[in-house]
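Take a look at the structure set out below.
The values are calculated or read from the model by the stated rules, or taken from the named source; none is laboratory data. All values reported here derive from a predicted model rather than from experimental measurement. We place every Cβ from the backbone using ideal geometry, glycine too, and count neighbours over all the protein chains shown.
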Amino acid sequence: MRPEYRNKKIEAYIRNLISEALQKIKEPEFDGVRNFITVSRVEISKDKRYADVYISYIGDSETRQKVVELMKKFKGYFRTYVAKNTRLYVAPELRFKEDKGIEASVKMNKLLDEILKKEQQDENN
């Protein structure tokens, strides 16, 4: 199996495991936010020792940052969950980051909608 293909499979599997662990965690800090957190992607290093986990959350930037900090606070729980459910030699160290790609796409869609409305108004006048 080609290494890049294997890495993609591992990334997808870790992404699914973290999403699953997020639903199973019993910490009260996650009660109000667990259903709104999305693990958008995972990027694993070539040596498979580190995994960058990109988190998206619908809300303002301050709340998104708090959610990322909350995930960092419980990264030991998530790493243990990944370790117990994979057959990797070493469970990767998880580094949680805010995924700004979704926010950028929402802004782009708003801009496109504004342009479309403006063009329709110009045609009507």
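Would you tally the residues in region 62-118 being of a type in the set (Gly, Ala, Ser) and either under 20 Å from residue 49 (Cβ atoms) or in contact with a helix residue (DSSP H, G or I) (Cβ under 7 Å, 6 or more places away or on another chain) (or both)?
3
Which one of the conditions (1) at pLDDT below 90; (2) of a type in the set (Asp, Glu); (3) closer than 15 Å to residue 12 by Cα does residue 43 fail to meet, given that it meets all the rest?
(1)
With respect to residue 22, is the statement that it is over 24 Å from residue 104 (Cα atoms), surrounded by 12 or more Cβ atoms within 10 Å (Cβ to Cβ), in contact (Cβ under 8 Å) with a residue 12 or more places away in the chain and in contact with a Lys or Arg (Cβ under 7 Å, 6 or more places away or on another chain) true?
yes
Taking residue 123 as meeting all but one of (1) surrounded by 10 or more Cβ atoms within 10 Å (Cβ to Cβ); (2) part of a helix (DSSP H, G or I); (3) charged (D, E, K, R), write down the number of the exception.
(1)
When both residues are 6+ apart or on different chains and their Cβ atoms are under 8 Å apart, which pairs have a first residue that lies in region 78-94 and is touching a residue at least 12 places away in the same chain (Cβ under 8 Å) and within 13 Å of residue 13 (Cα to Cα), and a second that is polar (S, T, N, Q) and outside any helix (DSSP H, G or I)?
So the pair list comes out as 92/45.
Counting just the residues of region 86-97 that are surrounded by fewer than 19 Cβ atoms within 10 Å (Cβ to Cβ) and within 19 Å of the chain's Cα centre (by Cα), which one comes out farthest from residue 37 (Cα to Cα)?
Filtering region 86-97 for residues that are surrounded by fewer than 19 Cβ atoms within 10 Å (Cβ to Cβ) and within 19 Å of the chain's Cα centre (by Cα), the one farthest from residue 37 (Cα to Cα) comes out as 93.
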